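Input: a single structure, listed below in structure tokens.
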């Protein structure tokens, strides 16, 4: 094999994608990658799309004329030589009959079909918003568990180092046995805490994979970063309430249900008008089409009690849908304000931690560490100072996750990303 051929093979292998799943094929580094995977592979989202498409097809068929029918009548059939051959005996009438709904019924049926299609579309938007929110929440929990584990490992490494130092100090008579035992107990406590965090981490991985229609134990990349918070001009309460009224799939779905109920009520009231059937066709005698017949048939809506009951039922359903729309609007608006207030509180909490609590905790730890090295501070004081630093970092992490959770819930209510 020549050197030129070997070089060609090497270049080809370097340029070709690797067999198996590479890092680019594994989601998890960012929530955006998870959302793209969701749009592509979610079975639940696919089902909602198909249902919306089916409702749209049904809407296109609503209000059209029913299929016509062909009718054949045999008259004057002989008892002595009965036959259905129109050339042999009697006469045969052929007609094409077309049912025609009464005045305005087709328009009402069309409006009802379009309203039902709108309901299905808004349901699809609501399902999409809900699934996207679940992915955002699952990613936030995934990120939280991952970084909590990192903080646990950081504290564990520190505790291991201090435990070795306590052992050395005990052996030289500079520390008590109680100090050494306390260090070992802290190591055990951190290991127990690590088991719980690892379980939370695995659960969040399984939750994400389930949402993405992947195997429960499928690989996920390490979470790199949380989504940045939207600009202040976007996260204005007045602006959010306006976007809620304009874009909320839940509110739009309730409005579509009201429109559907209005169309059904209109159709119920129009059922007091008759429906028609018209027909036209030739009459055959022997082998000749001798004459033509025309036919008109219509219903007689004489059972007023039944029709009035249907009308009252449709009217009550309309009022129920209007009341439900109003209740939904009050509920989602209240939930939006609640989530907005919680988001602001989490942002203020994180700012306070970053600006004051974390620097003070770090300063206290550095002082305790220096004192421990010089023998002026015991192990319990040093450990408490280090734990306070870790607790403050956890509080900052929890505040960040609270912001992500409330942002995701606000976006679910609005139906779109901010």
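Taking (1) more than 39 Å from the chain's Cα centre (by Cα); (2) free of Cβ contacts under 8 Å to residues at least 12 places away in the same chain in turn, residue 383 satisfies each apart from (2). When the residues of segment 222-254 are filtered to those that are part of a loop (DSSP other than H, G, I, E, B) and within 19 Å of the chain's Cα centre (by Cα), the one that is nearest to residue 205 (Cα to Cα) is 227.
Take residue 346 and decide whether it is more than 30 Å from residue 73 (Cα to Cα), in contact with a helix residue (DSSP H, G or I) (Cβ under 6 Å, 6 or more places away or on another chain) and at pLDDT 90 or above. For residue 346, the condition - more than 30 Å from residue 73 (Cα to Cα), in contact with a helix residue (DSSP H, G or I) (Cβ under 6 Å, 6 or more places away or on another chain) and at pLDDT 90 or above - is met.
Look at (1) touching a helix residue (DSSP H, G or I) at 6+ places or on another chain (Cβ under 7 Å); (2) surrounded by fewer than 22 Cβ atoms within 10 Å (Cβ to Cβ) and you find that residue 110 fails only one, number (1).
To keep it simple, each residue is scored yes or no on (1) surrounded by 15 or more Cβ atoms within 10 Å (Cβ to Cβ); (2) closer than 19 Å to residue 186 by Cα.
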residue	(1), (2)
335	yes, no
339	yes, no
353	yes, no
374	no, no
385	yes, yes
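When segment 198-220 is filtered for residues that are surrounded by 15 or more Cβ atoms within 10 Å (Cβ to Cβ) and touching a helix residue (DSSP H, G or I) at 6+ places or on another chain (Cβ under 8 Å), the ones remaining, listed by number, are 200, 201, 204, 205, 207, 208, 211, 212, 213, 214, 218, 220. Contact annotation: residue pairs with Cβ atoms under 7 Å, 6 or more positions apart or on different chains, pairing a residue in segment 297-312 that is closer than 12 Å to residue 266 by Cα with a partner that is in a helix (DSSP H, G or I), are 310/268; 311/268; 311/269. Residues considered: 183, 166, 145. Of these, the only one that is buried (at least 20 other Cβ atoms within 10 Å of the Cβ), more than 24 Å from residue 395 (Cβ to Cβ) and at pLDDT 70 or above is 183. Considering only residues of segment 358-370 that are more than 19 Å from residue 164 (Cβ to Cβ) and surrounded by fewer than 19 Cβ atoms within 10 Å (Cβ to Cβ), which is nearest to the chain's Cα centre (by Cα)? Selected residue: 358.
The values are calculated or read from the model by the stated rules, or taken from the named source; none is laboratory data. Keep in mind that what you see is a predicted model, and the values were worked out from it rather than measured. FYI the Cβ positions are ideal-geometry reconstructions off the backbone, even for glycines, and counts take in every protein chain you see.
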